[in-house]
Structure formats: structure tokens, C-alpha cells
1. State yes or no: is PHE110 at pLDDT below 95, open to solvent by less than 70 Å² (accessible area, probe 1.4 Å) and either among the polar types (S, T, N, Q) or assigned to a helix (DSSP H, G or I) (or both)?
2. Among the residues of the range 67-103, which ones are part of a helix (DSSP H, G or I) and under 22 Å from GLN30 (Cβ atoms)?
3. Of the residues that sit in the range 29-53 and are without any contact (Cβ under 8 Å) to a residue 40 or more places away in the chain and over 19 Å from ALA76 (Cβ atoms), which one is most open to solvent (accessible area, probe 1.4 Å)?
4. If a residue has to be farther than 19 Å from ASN99 by Cβ and either in contact (Cβ under 8 Å) with a residue 40 or more places away in the chain or in contact with a Phe, Trp or Tyr (Cβ under 9 Å, 6 or more places away or on another chain) (or both) to count, how many in the range 59-84 make the cut?
5. Restricting to the range 91-100, name every residue that is open to solvent by less than 10 Å² (accessible area, probe 1.4 Å) and either more than 11 Å from the chain's Cα centre (by Cα) or closer than 10 Å to SER16 by Cβ (or both).
Amino acid sequence: MGALTNEKCTACRRDSPLVTAAEIQELKPQVPGWILVEHEGVQQLERVYPFRNFAEALSFTNRVCALAEAEGHHPAILTEWGRVTVTLWTHKIHGLHRNDFIMAAKVDSFTAEH
């Protein structure tokens, strides 16, 4: 895994800057399975992780939840039979921050461990 997994999410304030287009171009290749989406005018990162069954999906969800608590950065998580959708954005600034890319890389590291 890349350098993003070695970083820690930092506390954001309402005046924290959104990532720029240039920063997205630099960071996005480090989380290749994630796509940029927009929901209700807010740019977000999203990835769907496939699993063989609901139990595996739920186990993965619990690992993501523990990571979110440790990092103080909480994604939207949809757990379904055979898949988990994780969506990241920084609520306080209504868009993407470096923290979102850090979390994406850390979540990806769970799948690399298998």
C-alpha cells in the first residue's frame, strides 16, 4: 500500500479547503478502485466491495467501522448480501478533503490482507 495508509486523518474545520483538481489528479491513482461521484451537489469517493455472502460483507463493515472510529472520519456504508458500498466525503466542508483519500487507502488495505 502507498503512503496514504501511513497518514492519519486530521480534524477538519468548516474553513478547511476542499482538495483541488490538481490534488485529485495526484491522489486518485493511489486509490484506483474508487470512483468520483456527486450526490446532491457534493463530490464524493465511492467504492463497491464484493463478497461471497452477507457474513463476509458484515465482517468487512465492522472493520471499516472500527477504522472510522480510530481515525475520527466516518463514511456512509451500505451493507448488502454479497457487497458493501463505502462512500467518503468530508461533511463539514461538503466535499472532498485529503482525509477522504487517506480513508479510502486504509479501507483498501483490508482487502489486500486477504
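1. Judged against the criteria, PHE110 is a match.
2. Within the range 67-103, LEU67, ALA68, ALA70, GLU71, ILE93, ARG98, ASN99, ASP100, PHE101, ILE102, MET103 meet the criteria.
3. ARG52
4. So the answer is 8.
5. GLY95, ASN99
The values are calculated or read from the model by the stated rules, or taken from the named source; none is laboratory data. These numbers were taken from a predicted model, which means no experiment stands behind them. A quick note on method: Cβ atoms are made from the backbone with ideal geometry, for glycine too, and the neighbour counts reach across all protein chains shown. Each accessible area value is taken on the protein alone, full model and side chains, heavy atoms only, with ligands, DNA and RNA left out. Shrake-Rupley method; radii C 1.70, N 1.55, O 1.52, S 1.80 Å.
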